Amino acid sequence: MMQQNEVARTAVERPLNGKVAVVTGAGQGIGLGIAEALFAQGASVMLADIDGELVRAAAAGLAASKSDSDSDDRRQALAMVTDVASQAAVASLFDHVMSQLGRVDIVVNNAGMISKTPTIDLTEAQFQRVLDVNLKGVLFGCQEAARRMGGHGGSIINIASVAAHASAPETAAYSVSKSAVLALTRVMAVEWGARNIRVNSVSPTGVDTAMGAALRARDPEGFSRRARRVPLQRAAQVADIANAVLFFASDAAGFVTGQDLLVDGGLMLQNPGFVV
Ligand SMILES: NC(=O)c1ccc[n+]([C@@H]2O[C@H](COP(=O)([O-])OP(=O)(O)OC[C@H]3O[C@@H](n4cnc5c(N)ncnc54)[C@H](O)[C@@H]3O)[C@@H](O)[C@H]2O)c1
């Protein structure tokens, strides 16, 4: 029975309690939404981003969202400045995760960039940078994670795009990088299954983030035309993408690996040339 002066404990049972997650590109947009969702489910989260100011503010915001009255709540939200295109920087990120949080269970390789350019004008430097961030960044994140997941296994989720599934003009570097992420995800799923490391990807359609806003500014009509064609009749929200990531991160997806989940409201089901 509770004594009169005993402090009331309000520990909340969250499904990811005790787990440690790493999210890249977590300073804003989809990555921040994913970090918030994993934290809300009980995981400690290391937020990594190339933009130090953004990622420090994001981690501080998460940490501040904890309730003071729950003394059993040991979740941490930490920030580290990382350029995922640098193998050494990604290795340091994961060393830091191990030293600060002791383990790694969930890794979301979300950091990404787009460069919309007519393919005929695409420079080698533009092509290289997009591949370095969107493809090599994912490879490095997966390798460093798998090296530290040891005997307990884990869940890796790579953020791809509808651009891996359909072609839009002026997106050569981006589409190539995201298509390759799907192939890379499948190969690692096959290689690491015996170590209970699951590797899956999520392919979002346009989301209204900084990246989405930049695309819309270039082609406002194209953006709204596409939104009207979505069978579920609305634009994607960051939470839609975060929920798909939560599924892959959870035990509910314990027998699912090497898969890509389109989160696009049904957009990719439609082929304008298809009539019955
Ligand atoms: N927004 C969309 O419409 C959309 C659609 C499909 C897929 N995606 C994918 O979702 C992911 C997140 O996109 P978003 O819309 O939130 O973008 P965003 O531009 O709003 O945020 C991306 C974050 O990644 C960080 N970042 C960029 N390069 C980095 C690097 N080299 N190392 C570490 N961090 C880096 C940025 O600083 C930024 O905080 C990307 O992989 C993107 O390709 C986005």
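Key figures for this structure:
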read-out	value
The range 225-243: number of residues that are touching a helix residue (DSSP H, G or I) at 6+ places or on another chain (Cβ under 8 Å) and closer than 26 Å to residue 272 by Cα	7
Residue check for residue 152: over 19 Å from residue 211 (Cβ atoms), open to solvent by 60 Å² or more (accessible area, probe 1.4 Å) and either in contact with an Asp or Glu (Cβ under 9 Å, 6 or more places away or on another chain) or of a type in the set (A, V, I, L, M) (or both)	yes
Residue 147 at pLDDT 95 or above, open to solvent by less than 30 Å² (accessible area, probe 1.4 Å) and within 21 Å of the chain's Cα centre (by Cα)	no
Residue in the range 88-111 that is open to solvent by 40 Å² or more (accessible area, probe 1.4 Å), aliphatic (A, V, I, L, M) and within 24 Å of residue 242 (Cβ to Cβ) present	no
Among the candidates 183, 210, residue that is touching a residue at least 12 places away in the same chain (Cβ under 8 Å) and more than 22 Å from residue 20 (Cβ to Cβ)	210
Residue in the range 97-106 that is within 16 Å of the ligand (Cβ to nearest atom) and at pLDDT 95 or above present	yes
Selection within the range 124-166 - within 10 Å of the ligand (Cβ to nearest atom) and not in a helix (DSSP H, G or I)	158, 159, 160, 161
Residue match in the range 114-123 (condition: within 15 Å of the ligand (Cβ to nearest atom), crowded, with 17+ Cβ neighbours inside 10 Å, touching a residue at least 12 places away in the same chain (Cβ under 8 Å) and under 19 Å from residue 26 (Cβ atoms))	yes
Residue among 48, 58 that is open to solvent by less than 50 Å² (accessible area, probe 1.4 Å) and in contact with a Gly (Cβ under 7 Å, 6 or more places away or on another chain)	58
In the range 155-168, the residues that are buried (at least 20 other Cβ atoms within 10 Å of the Cβ) and not hydrophobic (A, V, I, L, M, F, W, C)	155, 158, 161
Single match in 212, 265 (criterion: out of contact with any Lys or Arg (no Cβ under 6 Å at 6 or more places or on another chain) and at pLDDT below 95)	212
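A quick yes/no check of all residues on (1) at pLDDT 95 or above; (2) over 16 Å from the mean Cα position of the chain (by Cα):
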residue	(1), (2)
6	no, yes
10	no, yes
25	yes, no
37	yes, no
42	yes, yes
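The values are calculated or read from the model by the stated rules, or taken from the named source; none is laboratory data. Worth saying up front: this structure is predicted, and the values here are computed from it rather than measured. Neighbour counts run over all protein chains shown; Cβ positions are idealised from the backbone, glycine included. Areas reflect the complete protein model, heavy atoms only, side chains present, ligands, DNA and RNA absent. Shrake-Rupley method; radii C 1.70, N 1.55, O 1.52, S 1.80 Å.
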